[in-house]
Amino acid sequence: MNRFALLIGLEKYAERIPAVQFAENDAKKLYECLIDLGIDPRDISCLLSSQATKAKVESELRRLVALANTDDEILLFFTGHGVSISGSNYITCYDTVPTDLVNSCILLRWIMDFFKTSISKRKVIFLDSCHSGMEIDESMRGILDTMNESEIETFFSDSEYEVGFASCRSDQFSYSSPNLRHGIWTYHLLEALR
């Protein structure tokens, strides 16, 4: 059995999108943690800020799914801004354009459906982002609207070995902590994995 991981830490964006404090540190520390847990570093792709363009993230997702065999495990970790538009959830990318979000973000449903095409039976998704209709303060990890929880629940409801974890519900926020130098949820995720 092999384990493959794609870690995305989007702290800075090319366009005028607020930074996500400590997102890069979150991804780097998870990378270190996964190596400590025995995952081969060659099987972990870690994309930080400018590396996490839409094309690169989609390409790495395709590679991840193609590599995994039946008994292998796939892990996706995303920390950055999320967006919900007309009831559909998206993750942002380094090159996301605020005036063209639908075409410059990645549809979360596409990611989940694409994961379903993998012959791997074991898949896990960690999402540390949130949305709200409120102004973003520097410690929050969201930019627009509210997350559509039913889309995520539907994906995992019929999955025997597929699981997803999100840092907050649609009516909650995900925060960063200057004291921890992490997203609070990711900090506790790291503690649990260690």
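Every number here is computed from the coordinates shown, using simple stated rules; none is lab data. Just so you know, these numbers come straight off a predicted model, no measurement behind them. Here the Cβ positions follow ideal geometry from the backbone for every residue, glycine too, while neighbour counts run over all protein chains shown.
If the cut-off is 19 Å between C-alpha atoms, which lysines fall inside it for Lys29, apart from same-chain ones fewer than 8 positions away?
Lys12
First check a/c for the range 51-99, with a ≥ b ≥ c the square roots of the eigenvalues of its C-alpha gyration tensor; if it is under 1.5, answer rounded, and if not, answer prolate when a/b is larger than b/c or oblate otherwise. Show your work: numbers first, answer last.
Details: a/c = 2.71, a/b = 1.85, b/c = 1.47.
Taking the square roots of the gyration eigenvalues as a ≥ b ≥ c, the range 51-99 is prolate.
So what is the relative contact order of the range 1-111, in percent, for Cα pairs below 8 Å that sit 6 or more residues apart?
Relative contact order of the range 1-111: 36 percent.
Give a quick list of GluC sites (Glu not before Pro) in the range 1-87 that DSSP marks as loop, anything other than H, G, I, E or B, with at most 15 other Cβ atoms within 10 Å.
Glu15
Say each of Thr99 and Val163 gets a label point 7 Å from the Cα, pointing the same way as Cα to Cβ; how far apart are those two points in nm?
For the pair Thr99/Val163, the computed spacing is 4.5 nm.
How long is the gain from Trp110 to Ala14 if the chain were fully straight, where each residue apart is worth 0.36 nm and the alpha carbon distance is subtracted?
32.2 nm
Just grab the label-to-label distance for Asn2 and Lys121, each label 7 Å out from Cα along the Cβ direction, in nm (one decimal).
1.9 nm
Take the alpha carbon gyration tensor of the range 1-99, find the square roots of its eigenvalues, order them as a ≥ b ≥ c, and report rounded if a/c is under 1.5; if not, report prolate when a/b exceeds b/c, else oblate.
Cα axes put the range 1-99 in the prolate bin.
With a cut-off of at most 14 other beta carbons within 10 Å, and DSSP calling the residue loop, which trypsin sites (Lys or Arg not before Pro) in the range 1-98 qualify? Please list them.
Taking the range 1-98 and a limit of 14 other Cβ atoms within 10 Å, the loop trypsin sites (Lys or Arg not before Pro) found are Arg16.
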